[in-house]
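I have placed the structure first, in the form of structure tokens, so that the comments after it can refer back to it.
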Amino acid sequence: MKFLFLLSITLFALGCKTTEEVIVDQPIVDSRLNIIASLGEINVPSDPTTITNVRIEGNTMFIDMSYTGGCEEHTFKVVGSEAISKSLPPVRSFQIIHSSKGDQCKKIIEETLTVDISKLTYKPVSGSIIYLFTEGWNNKIEYSFK
């Protein structure tokens, strides 16, 4: 009887011991919505999006947008024009390139695109200011490189 009791306690103690780390409440990162802007050709074909808000924190732009879909995974790219205006501060146009991959569903999807915009700067020097402009958003967006 003692043997069974000791065996039970030993098995219980060993069964509770674990070396696995449990991670709780980690945010799910959607890589198609976290992108790095590049320079290149703009005014390329793109599926429609509606921009509802734009804000910049550091070298990251957050673009709140909506589009129709729901049956396919959509992809996004942000491309800035290589040309900038000669004004002070300068102005650079950029385009959000949206591919719906032929999604014919009509659900309205609302998401936030998170974009590293450091390549859209005028000069990669802290405090360098440039205005960014995109179709679908009527305001110039002031970006100060950090």
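Summary of computed values
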| item | result |
| --- | --- |
| Residue list for region 35-60, filter: within 20 Å of SER99 (Cα to Cα) and outside any strand (DSSP E or B) | ALA37, GLU41, ILE42, ASN43, VAL44, PRO45, SER46, ASP47, PRO48, THR49 |
| Top-ranked residue of region 119-146 - restricted to ones that are of a type outside the set (Lys, Arg), touching a Gly at 6+ places or on another chain (Cβ under 9 Å) and outside any loop (DSSP other than H, G, I, E, B), ranked as surrounded by the fewest Cβ atoms within 10 Å (Cβ to Cβ) | SER144 |
| Unmet requirement for ASP116, which otherwise passes all of (1) more than 22 Å from SER46 (Cβ to Cβ); (2) surrounded by 15 or more Cβ atoms within 10 Å (Cβ to Cβ); (3) at pLDDT 95 or above | (1) |
| Out of GLU142, GLU82, sole residue that is free of Cβ contacts under 8 Å to residues at least 60 places away in the same chain and under 25 Å from THR50 (Cα atoms) | GLU82 |
| Lone qualifier among GLU73, GLU57, GLU82, GLU110 - being touching a Leu at 6+ places or on another chain (Cβ under 8 Å) and open to solvent by 40 Å² or more (accessible area, probe 1.4 Å) | GLU82 |
| Cβ-Cβ under 6 Å pairs, at least 6 apart or on other chains, region 115-126 side touching a residue at least 12 places away in the same chain (Cβ under 8 Å), far side aliphatic (A, V, I, L, M) and assigned to a loop (DSSP other than H, G, I, E, B) | VAL115/ALA37; ILE117/ALA37; LYS119/ALA37; LEU120/ALA37 |
| Criterion (under 15 Å from the mean Cα position of the chain (by Cα) and of a type outside the set (Gly, Ala, Ser)) met by exactly one of VAL125, VAL79 | VAL79 |
| Qualifying positions in region 85-107 - part of a loop (DSSP other than H, G, I, E, B) and either open to solvent by less than 70 Å² (accessible area, probe 1.4 Å) or free of Cβ contacts under 8 Å to residues at least 12 places away in the same chain (or both) | SER85, LYS86, SER87, LEU88, PRO89, PRO90, SER100, GLY102, ASP103, CYS105 |
| Among residues of region 108-118, those that are outside any strand (DSSP E or B) and closer than 20 Å to MET65 by Cα, counted | 1 |
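The values are calculated or read from the model by the stated rules, or taken from the named source; none is laboratory data. Since this is a predicted model, take the numbers as computed values, not measurements. Cβ coordinates were reconstructed from backbone atoms using ideal geometry, including for glycine residues, and neighbour counts include every protein chain displayed. Note: accessible area is taken over every heavy atom of the protein model, side chains too, but ligands, DNA and RNA are not part of it. Shrake-Rupley method; radii C 1.70, N 1.55, O 1.52, S 1.80 Å.
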